[in-house]
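Engineer: This is the structure, below, for whatever I ask next.
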Amino acid sequence: MLVAGDGPLGHAAIDGKRLRGSQHETSPGVHMLQAFSTRLQATVGSLAVPPYSGEVVEALKLIRDLPLDGAVVTGDAAFTYRRIVEAILERGGHYFLFVKANQPELQAELRHAFGDDSPLKGRQPPRPGY
């Protein structure tokens, strides 16, 4: 599903959720992935994530269908993959992805890459088991 609008998307937030009540004994439930434009105040893309697939694979399909020229795409740690970032950039968009404490290796790489300018500066790495 895509929504047409006048002008750029602005901020497009991508997230996936399992639909409440859709899981039962013979079904793992319905998992949906959506893109929401804050400027248009509407869902601009939506698709079901098949049980044999995952959010990253489906997010690539969703991103490739969105008019991202000038848009800023946000997503949680589930979308911190090079292929996702490359797809956003190829579509003319920008990205801001969140890295959580449950990704200590990625956090360490960011600290190293940004050095003194790292937004993680001064934050302690998570303790093992978190």
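Every number here is computed from the coordinates shown, using simple stated rules; none is lab data. A quick note: this is a predicted structure, and the numbers were derived from the prediction, not measured.
Engineer: Would you grab the residues whose amide H sits under 5 Å from the one on V49? Only those 5+ places off in sequence or on another chain, please, with H modelled 1.01 Å from N.
Structural biologist: H31, M32, L33
Engineer: Where Rh denotes the Kirkwood radius from the mean inverse Cα pair distance, what is Rg over Rh for segment 11-98? Display every interim value, and only then the final one.
Structural biologist: On the way: Rg = 13.2 Å, Rh = 13.3 Å.
Dividing the radius of gyration by the Kirkwood radius yields 1.00.
Engineer: Report the gain in length on full extension from V56 to L106: 0.36 nm times residue separation, minus Cα-Cα distance, nm rounded to one decimal.
Structural biologist: Numbers: separation 50, 0.36 × 50 = 18.00 nm, distance 1.69 nm.
Length gained between V56 and L106: 16.3 nm.
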